[in-house]
Amino acid sequence: MEKTLVILKPCTVQRGLMGEIINRFERKGLRLAGMKMVWLSDETLSEHYAHLKEKSFFQRVKDAMRTCPVVICCWEGLEAIRVVREMAGKTNGRNAAPGTIRGDYSMSVQENIVHASDSPETAEIELKRFFDESEIYDYPLNNLWSFYANDEI
Ligand code: IDP
Ligand code: MG
């Protein structure tokens, strides 16, 4: 099973959409392995968004991410990293397909509801960045057979 990192951004907290977004991942059949509310620092965000550091909007994106606390989640499932990225949709909410999270809830490229890890390598680094090992829970789902066939897991 793969684990991936999702951040419910300040826009999601402010708009009261946290429950609705968490609900989508639950309904899909992902297991919530960890969740907490954190007020991120500029230092952590500089690491997290290092791939954007040459962009004109780098500081603005970081500032937007610390206008209020965010909710950080670890979701687990088969191919969870790709599945969650696809559920999030394209970066720009105006281009994201209806049915995706950004497509359904966002009109913005910056205020786009969620962050989701984009590859297994990134997921590993990002989970370590935002969670202590003790905050990730490997409890079993008692009804795993309702989610997957035997030969899938
Ligand atoms: P992603 O979130 O879809 O992986 P990235 O390119 O990694 O997209 O960018 C990280 C975040 O930076 C985006 O989710 C968005 O909030 C913001 N961002 C990306 N491109 C732009 C832009 O062109 N203008 C303003 N903000 C942007
Ligand atoms: Mg990204």
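The values are calculated or read from the model by the stated rules, or taken from the named source; none is laboratory data. Because the structure is a prediction, the values reported are computed rather than measured. Every residue, glycine as well, gets a Cβ built from its backbone with ideal geometry; the counts of neighbours run over all protein chains shown. To get the accessible areas, we keep the full protein, side chains included, count just its heavy atoms, and leave off ligands, DNA and RNA. Shrake-Rupley method; radii C 1.70, N 1.55, O 1.52, S 1.80 Å.
Couple of notes before you dig in:
- Choice from 141, 40, 30 with maximal GNM fluctuation in the chain (Cα, 10 Å cutoff): 141
- At R0 = 30 Å, FRET efficiency that the Cβ-Cβ distance of residue 67 and residue 144 yields, to 0.05: 0.20
- Surface composition of the chain: carbon and sulfur make up 51 percent of the accessible area, probe 1.4 Å.
- The residues of the chain have, on average, 56 Å² of accessible surface per residue, using a 1.4 Å probe with all protein chains present.
- Its Kirkwood hydrodynamic radius, worked out from the mean inverse distance over all distinct Cα pairs, puts the range 31-89 at 13.1 Å.
- Order of exposure, largest accessible area first, which applies to 104, 118 with probe 1.4 Å: 118, 104
- Lys, Arg +1 and Asp, Glu -1 on Cβ, resulting dipole of the chain about Cα centre, debye, nearest 20: 740 debye
- Just checking the listed ones, 119, 46, 134: in the Gaussian network model of the chain with Cα springs under 10 Å, the one fluctuating most is 134.
- Anisotropy class assigned to the range 1-62 is prolate, per the alpha carbon gyration tensor with a/c at or over the 1.5 cut-off and a/b larger than b/c.
- The lysines whose alpha-carbon is closer than 19 Å to the alpha-carbon of residue 90, local same-chain residues fewer than 8 away aside, are 9, 28, 55.
- Kirkwood analysis of the Cα pair distances in the chain returns a hydrodynamic radius of 16.0 Å.
- Across every direction, the projection of the convex hull enclosing the Cα atoms of the range 82-146 has a mean area of 6.0 nm².
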